[in-house]
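Structure, as structure tokens:
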Amino acid sequence: MWMGLDNMPYWSYSRDQGDTWSNATMIAPPINLSGTGFPVVVAGDTGTVAFGYVGETEGEDEVWNAYLTYATDAFNETPLFTTVQLNGDDDPIDTVTDCGYNRCGGLGDFLDIRVDAYGRTWFSLSHNIADIGIFATFDVGPSLRGDTVFMLPEMPAGGPQTL
């Protein structure tokens, strides 16, 4: 995963230890993002992958939000990417100009993503405005572990009160 010259998130994969690569695919959701930054990626078992990044919405200068994307059919000719915004529209993670392109506050320092033993994705980053860390996951959804896709046990829905 990387940010392209257009500041959008792209990904590609290799099945032969990096000798050849699939075509690059832009994976931002169709919500008029004007730019993204600080990509993190983690692979689960074969064909599963999750991405975390921050993004700025077109027309809302200086408003940065956090996004988590996953796919359970990454090697499919037309994989399905599911993306969620991790913070509410009224609760941006930062409002500094060009925040996703530079190391404003802790945003550029503390991003990470992992898949736990059950296949649940965990994305950690800084909520600069609130001066807290966020650990985000899906409360329902598929596991990124196992030979077949199965649904994870539902977790209680989170939110600011659970941070």
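Taken together, the values in this text are just the output of simple stated rules run on the coordinates, not laboratory data. Just so it is clear, the structure is predicted and the values come from calculations on it, not from any experiment. Glycine also receives a Cβ, built like all others from the backbone with ideal geometry; neighbour counts cover every protein chain displayed.
Hey, with R₀ at 22 Å, roughly what FRET efficiency would ALA117 and TRP2 work out to, going by the Cβ-Cβ distance, to 0.05? Once the sixth-power term is evaluated, E becomes 0.20.
Taking 0.36 nm per residue of sequence separation and removing the Cα-Cα distance, the ASN76/ARG15 pair yields an extension gain of 20.7 nm.
Along the charge dipole of the chain, which of SER12, PHE110, MET26 sits closest to the positive end, that is, farthest toward it, with unit charges on the beta carbon of Lys, Arg, Asp and Glu (+1, +1, -1, -1)? Result: SER12.
Take every Cα-Cα distance within the chain, group them into 10 Å bins from 0 onward, and report for each bin the whole-number percent of pairs it holds. Going out from 0 Å in 10 Å bins, the chain shows 10, 40, 35, 14, 1 percent. Build a GNM of the chain with springs between Cα atoms under 10 Å apart, and of TYR70, TYR53, TYR118 the one that fluctuates most is TYR118. Length available on full extension from VAL96 to PHE110: 0.36 nm per residue minus the Cα-Cα distance, which gives 3.3 nm.
Within the chain, what's the longest stretch lacking trypsin sites (Lys or Arg not before Pro) that sit in DSSP loops with no more than 15 other Cβ atoms inside 10 Å?
Longest gap between qualifying sites, sites excluded: 16-102.
Once both labels are positioned 7 Å from their Cα atoms along Cα-to-Cβ, the gap between ASP45 and MET26 label points is 3.4 nm. Electrostatic tally near PHE138: other residues with Cβ closer than 13 Å to its Cβ, Lys and Arg +1, Asp and Glu -1, net -2.
Residue separation of THR148 and ILE132 scaled by 0.36 nm, minus their Cα-Cα distance, works out to 2.1 nm of gained length.
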